[in-house]
1. In the set 128, 106, 90, which member is out of contact with any strand residue (DSSP E or B) (no Cβ under 9 Å at 6 or more places or on another chain) and under 20 Å from residue 59 (Cβ atoms)?
2. Please verify whether the stretch 135-146 includes one or more residues that are in contact (Cβ under 8 Å) with a residue 24 or more places away in the chain, touching a helix residue (DSSP H, G or I) at 6+ places or on another chain (Cβ under 6 Å) and within 19 Å of residue 57 (Cβ to Cβ).
3. Any residue in the stretch 70-84 that is touching a residue at least 12 places away in the same chain (Cβ under 8 Å) and at positive phi sitting within a Cβ distance under 8 Å of a residue that is in a helix (DSSP H, G or I) and surrounded by fewer than 17 Cβ atoms within 10 Å (Cβ to Cβ)? List the pairs, counting only those 6 or more apart or interchain.
4. Out of 107, 58, report the one residue that is surrounded by 21 or more Cβ atoms within 10 Å (Cβ to Cβ), in contact (Cβ under 8 Å) with a residue 24 or more places away in the chain and over 18 Å from residue 22 (Cβ atoms).
5. Kindly indicate whether any position in the stretch 150-163 is exposed (fewer than 14 other Cβ atoms within 10 Å of the Cβ) and either over 25 Å from residue 7 (Cβ atoms) or modelled with pLDDT under 95 (or both).
């Protein structure tokens, strides 16, 4: 599929939307929000990222990992919404973070230095938490959450700049 001006515009808007939705999730995680609210926002967050996975430059196998992350995390959130035990949902989610890390790193390698540094730091924390979740407190993951918001904003800006340069030509 050819990446067009329109797809870059949509992907840029999707990255910004994803950052906003994930910031809302961080707030919801920090409160006594109902599982329903968290699950719905989490599903929508992952759904809006499909154009970002499609458009950011990365090898096909990395895009497949990105789509795998989105699908597995959506499944984990729908499972939680339907009262599946939190431990099972979390285990699936933490497993899904590994393909997320693959996609974020692979995509970041093809972007600018700031996206690369942010993506690598975010991925290091998120990926390591998948293996350490039973041993470390949940707050260990908090920096990765903030870095994901920053990374998505940077990606949105990156995609809009590419879009503008391509449109001018």
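1. 106
2. No, every residue in the stretch 135-146 fails to be in contact (Cβ under 8 Å) with a residue 24 or more places away in the chain, touching a helix residue (DSSP H, G or I) at 6+ places or on another chain (Cβ under 6 Å) and within 19 Å of residue 57 (Cβ to Cβ).
3. none
4. 58
5. yes
The values are calculated or read from the model by the stated rules, or taken from the named source; none is laboratory data. Just so you know, these numbers come straight off a predicted model, no measurement behind them. Every residue, glycine as well, gets a Cβ built from its backbone with ideal geometry; the counts of neighbours run over all protein chains shown.
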